[in-house]
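Chemist: Sending over a structure as structure tokens; questions will come in a sec.
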Amino acid sequence: MSPEDLAFFGLAGVAVVTALLALLVRELVHTILWVSVFFVALAGLYFLLAAPFLGVLQLGVYAGAVTILLLFGVMVTRKRIFSREAATGIGPAPLGLALLTIVLLATGAATASTADRPLAMHPVVALANTLFGIDGGWLLLLGLTMLGALAGAIYLVREGRE
Amino acid sequence: MTSLPLADLLGLSAALLGIGLFGILTRRNFILLLIAVEISMNAAILNFVIFSAFLSGDAGVNGQAAAVVLVGLAATEVAVGLAIVLALNRQRGSINVAEASSLKL
């Protein structure tokens, strides 16, 4: 089994298990935390499938923005975040995980090699030409859709609507 | 190009779509429903990325471009969905979709 296969089966297992856990756990906040792990596993799969830009986008949009938006939705629609009294303070496991993440990120940033090939050869350039190029226009369409959605969302939540 | 087996990759995508559909059909909480839709949406995006990895040249890049647009659309959908959650919560004081039946005939 090659390392690529091993990474795929590991990430696929994490994705399926966390997706199931997200829909089956009782606590709504735990659901959102599990689904954020699911999004991170999918970002790893995108890196494995030679789509690094999409992997970064997945981390930023899903693991970042969508998770926070969902947590915000839970916070404003419930009187209490947890259905029963939760322990306060930070336990050793989350603290260790956070420290491990910081150490891994620091070593990764220290050992990352600078770009050793010209930018025009990079595979992301072809994607950028498709997205922003003269024959693309996809991002323009996406932007217009988002503008319409923004107007719709403001209409839905404005004050004094019966 | 990737050396991973195509059948395994597509199997993962199908499994995620199945999990998402299970959530859509069985959950009653609106936020859980949104999350289930997101899981199915991610299965579709994964499909685009899988096929773009197996194609070389322009066809592969087009698949990734479609995936980028889909990620943006899914994020937009969550924003509008949460606006509906807030409106529902203000009008009825609950986000149970079984109680939101005022549009039924």
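The values are calculated or read from the model by the stated rules, or taken from the named source; none is laboratory data. As the structure is a prediction and not an experimental result, all values here were calculated from the model. Using ideal geometry, Cβ is built from the backbone for each residue, glycine included, and neighbour counts are taken over all protein chains shown.
Chemist: How many residues are within 14 Å of residue B:39 (Cβ to Cβ) and more than 10 Å from chain B (Cβ to nearest Cβ) if we restrict to the stretch A:28-39?
Modeler: 2
Chemist: Within the stretch B:5-28, work out how many residues are at the interface with another protein chain (Cβ under 7 Å from one of its Cβ atoms), more than 13 Å from the chain's Cα centre (by Cα) and surrounded by 20 or more Cβ atoms within 10 Å (Cβ to Cβ).
Modeler: 1
Chemist: Can you name the number of the only condition in (1) within 24 Å of residue A:74 (Cα to Cα); (2) more than 9 Å from chain A (Cβ to nearest Cβ); (3) under 15 Å from the mean Cα position of the chain (by Cα) that residue B:47 fails?
Modeler: Only one criterion in (1) within 24 Å of residue A:74 (Cα to Cα); (2) more than 9 Å from chain A (Cβ to nearest Cβ); (3) under 15 Å from the mean Cα position of the chain (by Cα) is unmet by residue B:47, namely (1).
Chemist: Can residue A:51 be described as under 30 Å from residue A:128 (Cα atoms) and hydrophobic (A, V, I, L, M, F, W, C)?
Modeler: Yes, satisfied.
Chemist: Please note which helices (runs of 4 or more DSSP H) are completely contained in the stretch A:25-97 and include at least 1 residues that are among the hydroxyl-bearing types (Ser, Thr, Tyr).
Modeler: A:28-48, A:67-77
Chemist: Then there is this: Can you list the helices (runs of 4 or more DSSP H) lying wholly within chain B that have 3 or more residues being under 27 Å from residue A:143 (Cα atoms) and at pLDDT 90 or above?
Modeler: Where helices (runs of 4 or more DSSP H) fall fully within chain B and carry at least 3 residues being under 27 Å from residue A:143 (Cα atoms) and at pLDDT 90 or above, they are B:30-54, B:58-92.
Let's see how each residue does on (1) modelled with pLDDT under 90; (2) surrounded by fewer than 16 Cβ atoms within 10 Å (Cβ to Cβ):
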{"site": "A:4", "(1), (2)": "yes, yes"}
{"site": "A:32", "(1), (2)": "no, no"}
{"site": "A:45", "(1), (2)": "no, no"}
{"site": "A:51", "(1), (2)": "yes, no"}
{"site": "A:55", "(1), (2)": "no, no"}
{"site": "A:59", "(1), (2)": "no, no"}
{"site": "A:94", "(1), (2)": "yes, yes"}
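Chemist: Please work out if residue B:67 is within 26 Å of residue A:65 (Cβ to Cβ) and surrounded by 22 or more Cβ atoms within 10 Å (Cβ to Cβ).
Modeler: The answer is yes for residue B:67.
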